[in-house]
Amino acid sequence: MADLWGYVQRTAVLPWRWGVQDCTIWVADWCVERWGIDPAARYRGCYDSEDGALRLTAAGLVAVVEPEIPLTRKDAPGEGDIGVIEFRGQQVSAIWSGQRWLIRTPRGVAELRAPAIAIWGD
């Protein structure tokens, strides 16, 4: 498996940019590193603001990303698996650390406990 903690350290300091280095693109970049797939390929360059991201995901984040993820849908995460979680009333892309969900924020990476809406992995 790709080095999750190395990925987190390398990317946590990158500047936040909608559509380039945001919460969902961050998880998609992890997918490229771990599985060699890019579930955000269709959406890169399609938005450059929070409003643009919200318009893109208006039907719900799971509805947008699930067709792009060729991984097994799971009931419980394993380390390095990806998911969509509920955080502060919004659906957010996340990576399972083995104990908590990791999310990318404008300030870096946060680790939290939150209910998973959908989980994918191997």
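Within region 93-113, count every residue that is small (Gly, Ala, Ser) and modelled with pLDDT under 95.
The number of residues fulfilling the criteria is 1.
Among the residues of region 75-101, which ones are aliphatic (A, V, I, L, M) and either under 17 Å from residue 38 (Cα atoms) or under 10 Å from the mean Cα position of the chain (by Cα) (or both)?
Those that are aliphatic (A, V, I, L, M) and either under 17 Å from residue 38 (Cα atoms) or under 10 Å from the mean Cα position of the chain (by Cα) (or both): 82, 84, 85, 92, 94, 95.
Which of the residues spanning region 1-41 are crowded, with 18+ Cβ neighbours inside 10 Å, closer than 19 Å to residue 100 by Cβ and free of Cβ contacts under 8 Å to residues at least 40 places away in the same chain?
7
With the requirement that a residue be among the aromatic types (Phe, Trp, Tyr) and within 21 Å of residue 15 (Cα to Cα), what does region 90-122 give you?
Result: 101, single match.
Out of region 71-122, which residues are surrounded by 12 or more Cβ atoms within 10 Å (Cβ to Cβ), under 24 Å from residue 6 (Cβ atoms) and of a type in the set (Asp, Glu)?
Passing the criteria: 79, 81, 111.
Do we find that residue 120 is part of a strand (DSSP E or B) and either polar (S, T, N, Q) or in contact (Cβ under 8 Å) with a residue 40 or more places away in the chain (or both) in this structure?
Spelling it out, residue 120 is indeed part of a strand (DSSP E or B) and either polar (S, T, N, Q) or in contact (Cβ under 8 Å) with a residue 40 or more places away in the chain (or both).
Quick one: count up the residues across region 42-70 that are in contact with a helix residue (DSSP H, G or I) (Cβ under 9 Å, 6 or more places away or on another chain), within 16 Å of residue 21 (Cβ to Cβ) and either of a type in the set (Phe, Trp, Tyr) or loosely packed, with under 12 Cβ neighbours inside 10 Å (or both).
Total meeting the criteria: 2.
The values are calculated or read from the model by the stated rules, or taken from the named source; none is laboratory data. As the structure is a computational prediction, the values presented were derived from the model and not from experiment. Here Cβ is always computed from backbone atoms with ideal geometry, including for glycine, and neighbour counts include all displayed protein chains.
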